[in-house]
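Bear in mind these aren't lab numbers, they're just calculated from the coordinates by the rules spelled out. In this text, all values refer to a predicted model and were calculated from it rather than measured experimentally. When we count neighbours, we look across all protein chains shown, and the Cβ atoms used for this are built from the backbone with ideal geometry, even at glycine.
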Amino acid sequence: MTPLPAGPPLAWYLGLSAVVFLIGVVGVLVRRNALIIFMSIELMLNAANLAFVAFSHYLHSLDGQIFVFFVMTVAAAEVAVGLAIIVNLFRLRETVYVDEVNILKG
Amino acid sequence: MGALARLLQQPDARFVLLALLKIVAILFGLLTVVSYLIYLERKIAGHIQARPGPNRVGPLGLLQPAADVLKLFFKEEFVPAEANKVVFHIAPMLAVIPALISFSVVPMGPAITVTDVNVGLLVFLSMSSLGVYAITLGGWSSNNKYALLGGLRSSAQMVSYELAMGMSTIGPLLLAGSLSLVGIVNAQRAIPFVVHQPLAFLIFMITALAETNRAPFDLPEAESELVAGFHTEYSSMKWGFFFLGEYANIIVISAIAVTLFLGGWSGPWLPESLGFVWFFAKLGVLLFVFMWVRWTFPRFRYDQLMAFGWKVLLPLALANILATSALLFFIPAPGWRQAWAMFAGSAALFALAVALSPRLVPSRVDLLARREAA
Amino acid sequence: MTVALFAVFATVLVASSLMVVLHRHPVTCALFLVLAFCSLAALYLVLQAQFVALVQILVYAGAIMVLFLFVLMYLNLKRDLEEGLHHQVRRVIGWGMGGLLLVEGVLLFRPEWAVGPLGRETPQAVHAAGNTEMVGRLLYSRYLFPFELTSLVLLVAMVGAVVIGKGRRRRGDEEAA
């Protein structure tokens with residue numbers, strides 16, 4: 001099958017990436033649930049991935065896709081460790097709301 | 001009408017229309033085959049257990065699937081009180097959709113593929129990892145302890161065996177040099193990959209049984225265990241969809257096994273245009289093996305299941321990749337010499353695994369000893 | 001047609017990301033995130049990055065989000081209760097800052113920054129050789145060292161997750177063992 005015809009300009013992809021990134025930022029700022037904060041961080045990482053792939057397509061270089069590969073790997077590692085920490089925190093404090101974990105004791 | 005004719009002249013529109021026609025054909029074909037597969041399963045189960053199976057409805061019981069579907073339509077469908085309504089409704093759909101998508105990349109004949117994506121194998125692997133959602137969400141949304149436990153157990157099992165399955169497909173991938181399923185079938189014109197990679201084939205079949213929650217890996221949904229596991233609270237057509245999804249998954253995984261290891265649509269004596277006959281014949285043999293295994297072997301205990309998946313199958317699949325790439329480096333030319341060398345390597349690894357696995361998988365004696373020590 | 005595909009998938013992406021951030025029940029947020037990842041994979045396919053698109057579904061939607069769902073079901077969380085004045089203030093500040101950053105980004109962006117030196121992997125060359133083959137070739141030649149490092153990162157993460165997730169034994173368990 002032939003490649004797709006020429007798509008929208010690069011600026012649209014970067015704009016979309018910025019919008020999704022900022023939705024992630026707002027999520028981290030507004031929500032108190034640690035798991036939702038984590039999900040917003042994943043949204044931010046994916047927005048960056050979108051920018052990488054868009055640049056890779058428009059600048060004719062596959063380095064962007066290689067970086068996306070590495071970002072995905074590191075994100076997977078980060079999610080595993082982060083969720084283990086949250087589970088441990090829940091066992092200790094019976095809560096996942098970041099507002100309620102404000103005492104260093106215990 | 002003029003607009004339609006002009007639309008059809010564009011190659012892109014024609015491609016989409018042809019793909020849609022193939023999709024509809026496959027959809028109807030698959031759904032019919034699935035319902036008759038359920039009938040075949042009951043017949044085979046019956047004969048293995050020295051009884052005739054369904055033989056009342058129609059000649060030889062052939063109208064049994066129609067009767068079953070009619071019954072399912074008329075059953076009362078209830079939703080548990082505190083269940084999450086939206087997720088409860090979409091979980092059965094999630095069971096069927098990934099299987100149908102995987103079927104679009106399987107080459108059933110020399111020119112019969114819905115679409116030849118150049119990453120076809122990855123499509124299959126991604127769809128099998130999406131299949132975990134149906135069970136997890138089905139179990140959770142039922143608001144039922146047993147369903148939740150069954151769902152979580154089942155998804156833990158599927159995720160563990162998915163790794164070994166993915167790794168076992170890397171052997172044929174290395175030999176064919178392409179992720180495209182059409183490319184893999186074309187590389188098997190001379191010798192099917194099951195000769196080069198018998199161990200990978202065995203691992204793939206075992207993990208396929210675990211992925212589709214078939215016996216002997218069906219602890220999460222066995223009737224004598226957690227009521228009915230994740231689909232306890234489902235009735236009527238929703239349960240029917242889960243069932244449909246399970247059998248569609250079995251057909252798809254068997255089709256992928258035929259494509260990766262048994263040579264796809266290639267076969268002797270028939271001209272290439274009739275390749276789909278060979279494809280369906282091989283598919284039928286593998287489906288029979290699935291059912292045969294179900295009614296022959298006893299169930300795995302859950303800790304044995306997890307130990308087997310992580311401690312035996314995964315290292316074995318990794319060792320297979322190592323052995324395959326090493327042998328491919330020393331004997332790069334495809335042919336019988338390469339095939340027999342890889343066969344010998346696989347046999348050596350299999351012997352090693354058989355020797356080591358009693359130490360890795362806990363047996364009944366270990367469980368009793370642990371209970372007495374505690 | 002490409003613009004139409006982009007518009008559809010971009011809308012789904014933005015809508016599901018908004019639902020992730022706005023919805024009150026964590027499991028529904030996780031499911032919307034899965035939808036966002038799938039639409040992102042579709043966008044990657046529109047950008048001719050087939051390998052990355054399928055690895056996105058395989059890794060993000062198929063593994064990472066399953067892990068999220070496991071933890072959510074294990075913790076058995078109900079709907080988030082976020083009422084009260086300090087939550088309202090936090091929401092206003094959060095959305096305000098987000099909007100401000102977006103306006104700033106739109107005003108500051110200059111199209112001439114986004115046109116760099118063109119590389120060698122033109123779409124025709126990539127289509128001829130195959131996306132996965134070219135990514136593989138790059139990964140194992142120029143980026144071999146980072147590739148080996150990521151295996152170490154994953155190993156450390158695995159060990160860390162098991163050790164942290166196991167938790168510390170309580171006093172009673174230690175005496176019985």
HN-Hα J in Hz across region B:245-253 - Karplus 6.51, -1.76, 1.60, θ = phi - 60°, x for Gly and Pro
x, 4, 6, 4, 4, 4, 5, 5, 5
From the P(r) of chain C, can you give the percent of Cα pairs sitting at distances over 24 Å?
63 percent
From the phi angles alone, apply the Karplus equation (6.51, -1.76, 1.60; θ = phi - 60°) to region B:274-279 and give each ³J(HN,Hα) in whole Hz, x where the residue is Gly or Pro.
9, x, 5, 4, 4, 4
For B:Lys282, give me every one of the lysines with a C-alpha distance below 28 angstrom, ignoring sequence neighbours fewer than eight places off in its own chain.
B:Lys22, B:Lys43
Cβ density ranking, 10 Å radius, fewest first, applied to B:Phe201, B:Phe330 yields B:Phe330, B:Phe201
Decide, for region C:81-158, between rounded, prolate and oblate: order the square roots of the alpha carbon gyration tensor eigenvalues as a ≥ b ≥ c, take rounded if a/c falls under 1.5, and otherwise choose prolate if a/b is larger than b/c, else oblate.
oblate
Before rounding to the nearest 500, sum -39500 (n - 2.57) across all DSSP H runs of length at least 4 in chain A and divide by the residue total; then give [θ] at 222 nm in deg cm²/dmol.
-26000 deg cm²/dmol
Which is the longest run of chain C containing none of the trypsin sites (Lys or Arg not before Pro) found in DSSP loop states (not H, G, I, E, B) with at most 16 other C-beta atoms within 10 Å?
C:25-77
Pairwise centroid distance, computed over Cα atoms, of region B:114-188 with region B:70-92, Å:
26 Å
How long, wide and thick is region B:177-297, going by the Cα atoms along their three principal axes, in whole angstroms, largest first?
49, 30, 27
Relative to the longest principal axis of the C-alpha atoms of chain A, give the angle of the C-alpha long axis of helix A:10-30, reported between 0 and 90° and rounded to the nearest 10°.
0 degrees
Calculated from DSSP helices alone, with each H run of at least 4 adding -39500 (n - 2.57) and the total divided by the residues of chain C, [θ]222 nm to the nearest 500 comes to -24000 deg cm²/dmol
Neighbour-count order for B:Thr324, A:Thr73, fewest beta carbons within 10 angstrom listed first
A:Thr73, B:Thr324
Roughly what % of Cα-Cα distances in region B:237-325 sit above 21 Å, to the whole percent?
56 percent
Based on DSSP H runs of at least 4 residues, each adding -39500 (n - 2.57), what is the mean residue ellipticity at 222 nm of chain B after dividing by all its residues, to the nearest 500 deg cm²/dmol?
-22500 deg cm²/dmol
Cα-based equivalent ellipsoid, region B:182-221: semi-axes from gyration tensor eigenvalues, Å
28, 11, 5
Loop by DSSP (not H, G, I, E, B), at most 10 other beta-carbon atoms within 10 Å: where is the longest site-free stretch of chain B for GluC sites (Glu not before Pro)?
B:224-374
Of C:Thr122, C:Thr150, C:Thr132, which has the largest mean-square fluctuation in a 10 Å C-alpha GNM of chain C?
C:Thr150
Where a ≥ b ≥ c are root eigenvalues of the Cα gyration tensor, a/c under 1.5 meaning rounded, otherwise prolate if a/b exceeds b/c and oblate otherwise, region B:243-284 counts as prolate
Taking Rh as the Kirkwood radius computed over C-alpha pairs, what is the Stokes-Einstein D of the protein assembly as shown at 10 °C in a medium of viscosity 1.306 mPa s, expressed in µm² per second?
59 µm²/s
Checking the a/c ratio against 1.5 first, then a/b against b/c, what shape does the Cα gyration tensor give for region B:1-65?
prolate
Going by Cα centres, region B:295-374 and region B:46-64 are how many Å apart?
38 Å
Might you report the magnitude of the Cβ-based charge dipole of the protein assembly as shown about its Cα centre, with Lys and Arg at +1 and Asp and Glu at -1, to the nearest 20 debye?
800 debye
Which one of C:Gln48, C:Gly130, C:Val21 is farthest out on the positive end of the charge dipole of chain C, using unit charges on Cβ (Lys, Arg +1; Asp, Glu -1) and the Cα centre as origin?
C:Val21
Rank B:Ile23, B:Gly46, B:Pro80 by how far each Cα sits towards the positive end of the charge dipole of region B:8-84 (+1 on Lys, Arg Cβ; -1 on Asp, Glu Cβ) and give me just the farthest.
B:Gly46
Under a cut-off of 29 Å between alpha-carbon atoms, report the lysines in cross-link reach of B:Lys311, not counting same-chain residues fewer than 8 places apart.
C:Lys166
Between B:Gly264 and residues 5 or more places away or on another chain, the pairs with built amide H atoms under 5 Å apart involve B:Thr259
Kindly give the semi-axes, whole Å and largest first, of the ellipsoid equivalent to chain B, taking each as the square root of 5 times a Cα gyration tensor eigenvalue.
32, 32, 20
How many angstrom separate the Cα center of region B:244-292 from the Cα center of region C:1-65?
33 Å
Which lysines have a Cα less than 27 Å from the Cα of B:Lys85, not counting those fewer than 8 places away in the same chain?
B:Lys71, B:Lys75, B:Lys145, B:Lys238, C:Lys78
Using distinct alpha-carbon pairs, which all enter the 1/r mean, Kirkwood radius of region B:70-110 in Å:
13.2 Å
Please report the projected area of region C:23-85's Cα convex hull averaged over all directions, in nm².
5.2 nm²
The computed P(r) of region B:146-241 puts the percent of Cα pairs beyond 19 Å at 53 percent
Mind listing the long-range amide H neighbours of B:Val117? Cut-off is under 5 Å, sequence gap 5 or more, other chains count too, H placed in the peptide plane at 1.01 Å from N.
none
Order of B:Tyr36, B:Tyr161, B:Tyr247, C:Tyr143 from fewest to most other C-beta atoms within 10 Å?
B:Tyr36, C:Tyr143, B:Tyr247, B:Tyr161
Can you compute 3J(HN,Hα) from phi for each residue in region A:80-96, using the Karplus curve 6.51 cos²θ - 1.76 cosθ + 1.60 with θ = phi - 60°, rounded to whole Hz and x for Gly and Pro?
4, 5, x, 5, 4, 5, 5, 4, 4, 4, 5, 5, 7, 10, 6, 8, 10
Over the Cα atoms of region B:109-164, what is the Rg over Rh ratio if Rh follows Kirkwood?
1.19
